[in-house]
């Protein structure tokens, strides 16, 4: 009984240890991301108060024992707002990573396999890529109104071309492979080719690209909120808190700095994770830009 | 080893490489001497450490992972291993020049032929750009390149492999070095071009009096070019002799194996040579006990596996070999 | 070369066409009534109707697109809903600060990134390499406004060396112009240096393993000369490509940096337009920025021949 309990975890521990030695970035990044996730999920139990509670007495309160990160312009607790802000950022990161990859996968598969669609889709992707993603998101949000959901959709659309190009290049190079060619000519159903050859080969690069998209989406959301085209001010997000603290930066820098640090910490974690995964899988098709 | 002062003498040179699996001695206690104007060939299979030895001479081993851990190199009265980098730069390309196995990739693809030769000439000789260019043209004529005027402003990708090697030779000889290190200079070339390049090197050597350190795996090339031959196996010298002596009566089974695998010039099936000696160069990760060649040697006896044979003199013709059974090697043949 | 340039220039026309179609069609593709959204929550039904006519939403898509694209081709980007002035005029007025900021930060980014990437590659695995690459990851992760505020806190508030914000046109003297430009350009430059430094390192690592580098060293060239003359020129094509691509990041960065430093440029114009729901201005700015991006990348393509003689047009 005890022998079983002690022997089973050993390979796992060893695996983690080896990962730590060879790719410490993966572990550090995952740990940093985990901290952000815990903050988001367990926000109410982390010594926070209602992030929207206005307390005029605490206006621009400096950070201290009672208000760890100080108070903002209307006396709301910056610590609580920062912790709750993790929810928006992670939701946007995850939402965009999933949405962008899903749409990009569809577009990429279509243009990889259907020649005439390829021409059209790739020209549209070229066009989309020529529009700076922030501006595209700004245009979409100004037309649809600011909401978390619209922010996610807008940023996802801007990310689609990158994923589509990646998937397309995987498909095109796979089609050159003799075993895939054989499968196609021998009339293997398309779905089987997809499941057996294409998806396994796209998984690793998509995972890496997904982390980069996550990171860039979190940054983009913050920028959008910061310039007033993002998450509505009623929801505390890191970009919002910073935007509100902007005017009083020289007298109360803590309102900007704490959420700024939280934002940088989270994105850094995701980027480290992505770089580590990239080193492990070494996918050829992924690029940051 | 030589009584007279040699131009270059390498003593006890050991070069190690740090790898993920441990420290590997690529060259081990290697000694030789090169006289002015002579051609010494260093022969061995790929992976035997012969190129590393040459790069060590130029102090171009990347450190890390590589390191010259022991030994000394005396060149023209100077100790190369203790020279400051700036002094070493004055020797490289000027007094000791080098040409490489892959002429096509050894020329910089984004600079013109003139730019690359002029750069070397200007660096080592106080010449104006104009006279350096004139020198470059003169060198191209010397290496008998067709239409030398036009070649000056061409890029390497516009030239054939043979022409590139001619350019490399022109560049190497432009400062009339006293030693030319030629690292497999003809291996990447067509057989007919090989012969032309070898002719050219012989011709230049006769004209300019340059000593050549020829690194090759090809005993055919050795027979054509060398005065003396040094056979290297697993980073160690196993035999050294004047070329005729070595070809006529080798004293080491490894040399014998190489001779058996020797392709005649014009023979295109050069791949055969590696399969002729069964087995492959040993992993240098494990410490080698006994003779490094013993596991592949058909003549090996028990002693060969336990005790490393020392280099011993044979006859009077400066013939040394490291083999317990060296006296029997000739007879087996 | 000229033929290639013309062909390449022609190839940008469809891309710009697609950009124009996307930007224009957003108005029609969005769910709900864009006129109602743009008019805001306090708008009356009449306000919305008036806006609908101003934006041409009452007309069929193709008719309106024809009119719009005809105008764009003649330099008419429409009229601002808020100020009722031509969008083109607004853009031209705001051009100088943005061009100055973009160029200055691009120069700073390149000046930081290339030496850093080169040294990191030459001493790969060493301390400088590790530090440079850690800084690069930080550059990807720290949003430009956070870095801006940190720099303001340190340089302007604490040390009082430079103005906190604002912009002085170059016509008012190079001194004040530069003093106001330094902080925003440095913030943006540092962030953009990350990507360029990384690609420089990667490409240089590959180049430094090539035979011709060893051959150049064997000629007796110094490390510095080999790195700059022999290696960097070979690494140039991927590097300028990334500089071109990073221009998109730079544009996003400009919008944010102008907001932080209160610089009256195109970014500020965009942000004001967002707050006022002034869609024609947003549309115009996007079009101008995208066209700039396409032209920059066209120039990048054309520059390849300068670095690599093997690229034939």
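The values are calculated or read from the model by the stated rules, or taken from the named source; none is laboratory data. Remember, predicted model here, so these are calculated numbers, not experimental data. FYI the Cβ positions are ideal-geometry reconstructions off the backbone, even for glycines, and counts take in every protein chain you see.
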Check your understanding: Do we have any residue at all in the range C:162-172 that's surrounded by 15 or more Cβ atoms within 10 Å (Cβ to Cβ), away from chain A (no Cβ under 14 Å), free of Cβ contacts under 8 Å to residues at least 40 places away in the same chain and not in a helix (DSSP H, G or I)?
Key -> yes
Practice item. Kindly indicate which of C:9, C:27 is touching a helix residue (DSSP H, G or I) at 6+ places or on another chain (Cβ under 9 Å), within 7 Å of chain A (Cβ to nearest Cβ) and touching a residue at least 60 places away in the same chain (Cβ under 8 Å). Key: C:27
Review point. Which one of the conditions (1) assigned to a helix (DSSP H, G or I); (2) more than 10 Å from every other protein chain (Cβ to nearest Cβ); (3) surrounded by fewer than 24 Cβ atoms within 10 Å (Cβ to Cβ); (4) at pLDDT 90 or above does residue C:302 fail to meet, given that it meets all the rest?
Key: (4)
Point to revise | Residue check, residue A:255 part of a helix (DSSP H, G or I), within 11 Å of chain C (Cβ to nearest Cβ), under 15 Å from residue C:147 (Cα atoms) and at pLDDT 85 or above | key: no
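So if I check each of A:191, A:170, which one is more than 13 Å from chain C (Cβ to nearest Cβ), assigned to a helix (DSSP H, G or I), over 19 Å from residue A:88 (Cα atoms) and touching a helix residue (DSSP H, G or I) at 6+ places or on another chain (Cβ under 9 Å)?
Exactly one residue qualifies, and that residue is A:170.
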Practice item. Return a yes/no flag: does the range A:179-192 have any residue that is farther than 30 Å from residue C:263 by Cβ and under 17 Å from the mean Cα position of the chain (by Cα). Key: no
Exercise for review: May I ask you to list the residues in the range C:142-160 that are over 16 Å from residue A:220 (Cα atoms), facing another protein chain (nearest Cβ under 7 Å) and without any contact (Cβ under 8 Å) to a residue 24 or more places away in the chain?
Suggested key: C:153, C:157
Review point. Does any residue of the range B:130-143 turn out to be within 9 Å of chain C (Cβ to nearest Cβ) and either touching a strand residue (DSSP E or B) at 6+ places or on another chain (Cβ under 6 Å) or crowded, with 16+ Cβ neighbours inside 10 Å (or both)?
Key: no
Practice item. Just give me the residues in the range C:263-273 being crowded, with 24+ Cβ neighbours inside 10 Å and within 9 Å of chain A (Cβ to nearest Cβ), in sequence order. Key: C:267, C:270, C:273
Review point. Quick one: which of A:81, A:59, A:18 is touching a strand residue (DSSP E or B) at 6+ places or on another chain (Cβ under 9 Å) and either at pLDDT below 70 or under 30 Å from residue A:211 (Cβ atoms) (or both)?
Key: A:59
Exercise for review: Would you point out which residue out of C:255, C:260, C:296, C:281 is more than 14 Å from chain B (Cβ to nearest Cβ), buried (at least 22 other Cβ atoms within 10 Å of the Cβ) and under 14 Å from the mean Cα position of the chain (by Cα)?
Suggested key: C:255
Practice item. Taking residue C:180 as meeting all but one of (1) within 14 Å of chain A (Cβ to nearest Cβ); (2) within 26 Å of residue A:251 (Cα to Cα), write down the number of the exception. Key: (1)
Practice item. Note down all Cβ pairs under 6 Å where the first residue falls in the range C:118-141 and is within 10 Å of chain A (Cβ to nearest Cβ), the second is assigned to a helix (DSSP H, G or I) and surrounded by fewer than 23 Cβ atoms within 10 Å (Cβ to Cβ), and they're at least six residues apart or on different chains. Key: C:141/A:264; C:141/A:268
Exercise for review: Inspect the range B:89-111 for any residue being at pLDDT 85 or above and more than 11 Å from chain C (Cβ to nearest Cβ) and give the result as yes or no.
Suggested key: no
Point to revise | Residue match in the range B:59-69 (condition: within 14 Å of chain C (Cβ to nearest Cβ), touching a strand residue (DSSP E or B) at 6+ places or on another chain (Cβ under 7 Å) and in a helix (DSSP H, G or I)) | key: no
Exercise for review: Report the residue count in the range C:40-70 for those that are under 16 Å from residue C:23 (Cα atoms) and surrounded by 16 or more Cβ atoms within 10 Å (Cβ to Cβ).
Suggested key: 6
Exercise for review: Find the helices (runs of 4 or more DSSP H) located wholly in the range B:227-333 whose residues include 3 or more that are modelled with pLDDT under 75, and list them.
Suggested key: B:272-276, B:326-332
